[in-house]
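S.K.: Quick one: this structure, given as structure tokens, is what I'll be asking you about.
The values are calculated or read from the model by the stated rules, or taken from the named source; none is laboratory data. As the structure is a prediction and not an experimental result, all values here were calculated from the model. All Cβ positions, even for glycine, are placed from backbone atoms using ideal geometry, and neighbour counts span all protein chains on display. We work out accessible area using only protein heavy atoms, side chains counted, and drop any ligands, DNA or RNA first. Shrake-Rupley method; radii C 1.70, N 1.55, O 1.52, S 1.80 Å.
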Amino acid sequence: LAIIQYLDETRPGPRLLPEDSKKRAQVRMISDHITSGIQPLQNLHVLQKLGDEKLQWAQYFIISGFQGEI
């Protein structure tokens, strides 16, 4: 997200983030949710610790995260 913000602030269009501050905050909120709540579940080191049910476990939390349930 820091790279997107840098490019958005230092390069002419097209904009990568919405101009409206509320919409821009929503994009940051969704991005933060993905990077802190969903993406770590795809980490191979984490998944290796889970054993045979790792695929189902990871899929459950990733899908739930994208649906806004967690």
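S.K.: For the pair residue 63/residue 34, report the inter-label distance in nm, with labels modelled 7 Å from Cα in the Cβ direction.
M.R.: Simple spin-label model gives 2.0 nm for this pair.
S.K.: Additional query: Which value, in Å² rounded to 10, gives the accessible area of residue 3 with a 1.4 Å probe and all protein chains present?
M.R.: For residue 3, the solvent-accessible surface is approximately 130 Å².
S.K.: In whole percent, and with a 1.4 Å probe on the protein chains, what portion of the accessible area of the chain is carbon and sulfur? Let's see the in-between values first.
M.R.: On the way: 3260 of 5690 Å².
Roughly 57 percent of what the probe reaches on the chain is carbon or sulfur.
S.K.: Given the Cα-Cα distance of residue 8 and residue 48 and 0.36 nm per residue of separation, how much length would full extension add, in nm? Walk me through the intermediate numbers first.
M.R.: Numbers: separation 40, 0.36 × 40 = 14.40 nm, distance 3.74 nm.
Going from the current span to full extension adds 10.7 nm.
S.K.: Here's another thing I want to ask about it. With 10 Å bins from zero, work out the P(r) of the range 21-67 over every alpha carbon pair and list the percent per bin.
M.R.: 26, 44, 21, 8, 1
S.K.: Also, I was wondering about something else. At 1.4 Å probe size, with every protein chain present, just tell me what the per residue accessible area of the chain comes to in Å². Display every interim value, and only then the final one.
M.R.: Details: 5690 Å² over 70 residues.
Accessible surface, normalised per residue, equals 81 Å².
S.K.: Still on this structure, I have one more. If you take every residue apart from residue 43 with its C-beta less than 14 Å away from the C-beta of residue 43, what net charge results, scoring Lys and Arg +1 and Asp and Glu -1?
M.R.: Values: positive: 49, 54; negative: none.
Overall, the nearby charge balance is +2.
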